[in-house]
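What follows is a short report on a single structure.
The values are calculated or read from the model by the stated rules, or taken from the named source; none is laboratory data. The shown structure was predicted, so the numbers you read here are calculated from the model rather than taken from an experiment. Backbone-built Cβ (ideal geometry, glycine too); neighbour counts: all protein chains shown. With ligands, DNA and RNA removed, areas are computed over all heavy atoms of the protein, side chains included. Shrake-Rupley method; radii C 1.70, N 1.55, O 1.52, S 1.80 Å.
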Amino acid sequence: LDRHTVWPLYLVCAALPFAGLSSPPLVVSRRVGFPIGSLGRAKYHIPAMFIAVSEFVRWRLLEAGVSEEKIHVVYDGVRAPSSLPRASVRTESRRRHGADEKTFVLGTLSAIAPEKLLVEQVSLLAHLPTSVHYWLGVPGGDSDLHDAGTSLIETARRIGAAERFHIVPVQEDPGAFLAGLDLFLYLSRMEGLGSAILLAMAYQLPVVASEVGGIPEIVLHRRTGVLVGEDFENDLPGAIQFLMGSPDLRRQMAAAARQFVCAHATSDKMVAQTVVLY
């Protein structure tokens with residue numbers, strides 16, 4: 001439910017007792033890590049239960065005054081492929097976007113939104129070897145690629161990296177896109193958990209991500225990936241170049257990342273845990 005449909009639902013549940021009717025239990029799933037304002041706090045006494053997408057979001061709810069016994073954490077889940085894409089899928093994906101096997105391809109899956117720090121990610125190409133390309137996979141196709149996409153392309157052109165940056169529409173199956181990457185990059189100002197990160201991990205990719213929100217609960221530093229702090233603009237180029245020169249470490253992180261998802265964050269586990277709570 002978005003904010004336009006949630007408010008009427010809250011109002012109906014709050015009004016039912018005044019009409020002499022019993023209110024059915026209201027369960028709220030909270031996925032975002034942003035602070036809860038005073039207006040949000042006012043409505044949060046109504047639900048019978050909150051399902052938080054991470055321990056960080058659970059902490060945000062506690063901070064807003066929600067009682068501890070009402071909050072349960074269920075990690076987001078992704079559909080982990082039973083087998084990884086074939087080498088031919090990787091080769092074709094890279095050929096389509098001008099990358100051969102000597103090219104090191106960074107990439108991310110993200111909507112084009114201000115909190116995702118996409119301009120900063122594109123600008124990173126100026127500080128990396130010319131053999132590095134960056135792909136932005138936009139889920140759902142071309143709907144977000146107009147004004148914001150043009151701005152990113154202009155950023156790449158301004159730093160002389162236009163041929164190394166590609167915006168790639170990604171349809172329902174992200175396998176071919178992810179197969180073409182060597183490293184998954186995810187920078188964000190705030191994140192409840194980061195389901196795109198889980199998807200990349202399920203496809204056995206090492207991850208470099210911001211140390212914000214719930215991300216450190218899934219990207220375990222130096223185990224399933226590398227975390228960068230607020231000073232990422234200084235730290236990130238060095239971290240990426242270190243991983244570029246450490247293929248064995250990347251393989252170890254990638255394998256551990258897929259194992260983590262299969263053990264803790266599949267869609268089947270998410271559904272089963274949610275059903276138990278209901």
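So the values come out like this:
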{"quantity": "Pairs with Cβ under 7 Å, 6+ apart, first in the range 216-227 and closer than 21 Å to Val57 by Cα and in contact (Cβ under 8 Å) with a residue 60 or more places away in the chain, second outside any strand (DSSP E or B) and open to solvent by 50 Å² or more (accessible area, probe 1.4 Å)", "calculated": "Glu217/Glu55"}
{"quantity": "Residue check for Val168: modelled with pLDDT under 95, in contact with a Phe, Trp or Tyr (Cβ under 6 Å, 6 or more places away or on another chain), open to solvent by 10 Å² or more (accessible area, probe 1.4 Å) and among the hydrophobic types (A, V, I, L, M, F, W, C)", "calculated": "yes"}
{"quantity": "Some residue of the range 28-35 being of a type in the set (Lys, Arg), at pLDDT 70 or above and more than 22 Å from Met201 (Cβ to Cβ)", "calculated": "yes"}
{"quantity": "Some residue of the range 101-119 being in contact with a strand residue (DSSP E or B) (Cβ under 8 Å, 6 or more places away or on another chain), loosely packed, with under 13 Cβ neighbours inside 10 Å, touching a residue at least 40 places away in the same chain (Cβ under 8 Å) and farther than 30 Å from Lys269 by Cβ", "calculated": "no"}
{"quantity": "Residue list for the range 123-137, restricted to those being assigned to a loop (DSSP other than H, G, I, E, B) and closer than 20 Å to Asp173 by Cα", "calculated": "none"}
{"quantity": "Residue that is nearest to Ala111 (Cα to Cα), among those in the range 145-189 that are touching a residue at least 40 places away in the same chain (Cβ under 8 Å) and out of contact with any helix residue (DSSP H, G or I) (no Cβ under 8 Å at 6 or more places or on another chain)", "calculated": "His166"}
{"quantity": "Glu163 among the acidic types (Asp, Glu) and either part of a loop (DSSP other than H, G, I, E, B) or open to solvent by less than 10 Å² (accessible area, probe 1.4 Å) (or both)", "calculated": "no"}
{"quantity": "One residue from Arg157, Arg189 being within 22 Å of Arg96 (Cα to Cα) and among the basic types (Lys, Arg)", "calculated": "Arg157"}
{"quantity": "Leu136 being closer than 30 Å to Ser29 by Cα and in contact with a helix residue (DSSP H, G or I) (Cβ under 6 Å, 6 or more places away or on another chain)", "calculated": "no"}
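Condition check ((1) of a type in the set (D, E, K, R); (2) free of Cβ contacts under 8 Å to residues at least 12 places away in the same chain; (3) surrounded by 14 or more Cβ atoms within 10 Å (Cβ to Cβ)) across all residues:
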site: Val28; (1), (2), (3): no, no, yes
site: Arg31; (1), (2), (3): yes, no, yes
site: Ser54; (1), (2), (3): no, no, yes
site: Glu69; (1), (2), (3): yes, yes, no
site: His72; (1), (2), (3): no, no, yes
